[in-house]
Structure formats: C-alpha cells, structure tokens
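The values are calculated or read from the model by the stated rules, or taken from the named source; none is laboratory data. These figures come from a predicted structure and were not determined experimentally. Heads up, the Cβs are rebuilt from the backbone with ideal geometry, glycines too, and the neighbour counts pull from every protein chain shown. Remember, those area values only see protein heavy atoms, side chains included, never the ligands or the DNA or RNA. Shrake-Rupley method; radii C 1.70, N 1.55, O 1.52, S 1.80 Å.
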Amino acid sequence: MIPQMNLLIVGPQASGKGTQAKKIADLYKIPHISTGDIFRDNIKNGTALGKQVVEYTNHGKLVPDALVIQLIRDRLSQADCAPGFILDGFPRTQPQAEALDQITRIGKVVVVDVPDEVCIMRISGRYMASNGTTYNVYTSPKPKNAAYHPDGTLIEAFDDVTGEKLVQRDDDKPEKVRQRLADYHAQTKPIIAHYGKTAGTVVLIDGQQDIDAVFGEIRQALG
Ligand code: AMP
C-alpha cells in the first residue's frame, strides 16, 4: 500500500512553503521535517552535526548528499513518521531524490509556484533592526518612517520603536537573491520532473495568493 501522507513541498525562497508546510503538518498530524531548520538548530546548539555543516550553510552551498541522506534516513525511521511526514528542503539534488526512492514512496509533491520577480520583491524588501525586528518595505509590516525614490525603491528606513536605521542582510540584496533563485531552478526543476513521471503525484499551487487561499488549494489537492 502506498502511504498517503508521505509528502514533499517544493518552492523557491520566499514562496511561503515553510509556512504552508507547518499548516499541512498541523492539519494531518504529521511531522514537518525541514533540513534547513535541522541544520540551523544544530549550528545554534554547537552539535557535531552543526560543526560539520556550518561551512556549507554559511556560504549558501549545499551540504554533501551523503550527509543529508543519512540524516533523512534516520529521521524517517523514527516512530512519529509512521502516519506520514512532510519534507521541506529535501530532496535538493537528483542523487538525494534517488536515495529517497530507496527509503520510501512519496505520495504527493506540492509545488508552490511564485514567479522570480515576486520572490525578489518579497526578499529584497526585508530590512532588519539590530535587535532582530524585521520589516518589509514592499509587503508588510512596513516601517512607519521610510523614504522612497520616485520608482518605489527604498532610500532609507528606520525602526518604529528605537528610530535606528534599518539594514539589509547581504544575501537579501537583489543580485544575491537572483543567484539563489538561479540555483533553485537549476537544481530543483529536474527533481519535480523526477516525480512528475507518476500521474497525479505533482500538484502545482499558485503561491501568489494570500496564505489561507494557498492553503485552501493545497487541502483540496491533498484531499
Ligand atoms: P534552507 O533553509 O532550506 O534554504 O537551507 C539552508 C541551508 O542548509 C542551505 O543553504 C544548505 O546549505 C543546507 N541544506 C538544506 N537542505 C539541504 C539539502 N537537501 N541538501 C544540501 N544542503 C541542504
């Protein structure tokens, strides 16, 4: 029998896939397994795994396949995955997809589709204060005190509470975002095609709608 709730979620950065993955996990009572979150937790806690991967994640490079595959193999063998799971950020390469085929069968692949230009706007609008407060000058929450060029691009913005000048993370700048999106297209398109060989497996969702509308479409597609 093919397990029904063995799910993958795929989408570019700022597609909202992490948010949707959490909602799917809550609804179907299955674990949300994000390789990016697992790596960030391990780095924060200074574990052996964290030390192994930090050099890769810091430079936006992929962690070696063998390491990620072993991590996922161990995670999927845990008891909470018996009713299913939603994998977010894995597989990222063809060898990872082939290894996953050997571990289990995937029921559905949810692809959250958002055009590159929208992702660039969502990410490159993100500005932060030194205490971690995050604003988005193009979406929300917008800083109350900000100056814009006539074409709508930002000149400068300030924290609502402290008045401190907000800064942009280096990898949120448009040229860096474009590079990350190019990597996504180069690495992930073949993976979608890999699952697309089985009819009805891949479901394409329009990620430009609001969060609840995207979730509504996903629910309908998953049944
Ligand atoms: P993410 O939050 O999914 O963008 O992941 C953050 C970082 O973790 C990536 O830039 C990679 O360095 C690493 N990473 C996450 N998932 C994978 C994967 N499936 N294969 C290789 N590296 C990964």
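Restricted to the range 159-174, and to residues there that are more than 24 Å from the chain's Cα centre (by Cα) and assigned to a loop (DSSP other than H, G, I, E, B), the residue that is surrounded by the most Cβ atoms within 10 Å (Cβ to Cβ) is Leu166. Considering Val203, Val214, Val177, the condition of being open to solvent by less than 50 Å² (accessible area, probe 1.4 Å) and closer than 25 Å to His59 by Cα is satisfied by Val177 alone. Each residue in the range 48-101 was checked for being small (Gly, Ala, Ser), more than 19 Å from the chain's Cα centre (by Cα) and within 23 Å of Ala193 (Cα to Cα), and 3 pass. Of the numbered criteria (1) more than 12 Å from the ligand (Cβ to nearest atom); (2) open to solvent by less than 70 Å² (accessible area, probe 1.4 Å); (3) more than 11 Å from the chain's Cα centre (by Cα), the one Asn45 fails is (2).
Where helices (runs of 4 or more DSSP H) sit wholly within the range 1-72, those with at least 3 residues that are free of Cβ contacts under 8 Å to residues at least 24 places away in the same chain and over 26 Å from Cys119 (Cα atoms) occupy 35-44, 48-58. Scanning the range 80-97 for residues that are away from the ligand (no atom under 11 Å from the Cβ), open to solvent by 10 Å² or more (accessible area, probe 1.4 Å) and either in contact with a His (Cβ under 8 Å, 6 or more places away or on another chain) or not in a helix (DSSP H, G or I) (or both) gives Ala82, Pro83, Gln94. Among the residues making up the range 100-132, those that are open to solvent by 20 Å² or more (accessible area, probe 1.4 Å) and either in contact with an Asp or Glu (Cβ under 7 Å, 6 or more places away or on another chain) or within 13 Å of the ligand (Cβ to nearest atom) (or both) are Asp113, Arg126, Ser130.
Within the range 138-158, is even one residue over 25 Å from Lys23 (Cβ atoms), assigned to a loop (DSSP other than H, G, I, E, B) and open to solvent by less than 40 Å² (accessible area, probe 1.4 Å)? Checked the range 138-158: at least one residue is over 25 Å from Lys23 (Cβ atoms), assigned to a loop (DSSP other than H, G, I, E, B) and open to solvent by less than 40 Å² (accessible area, probe 1.4 Å).
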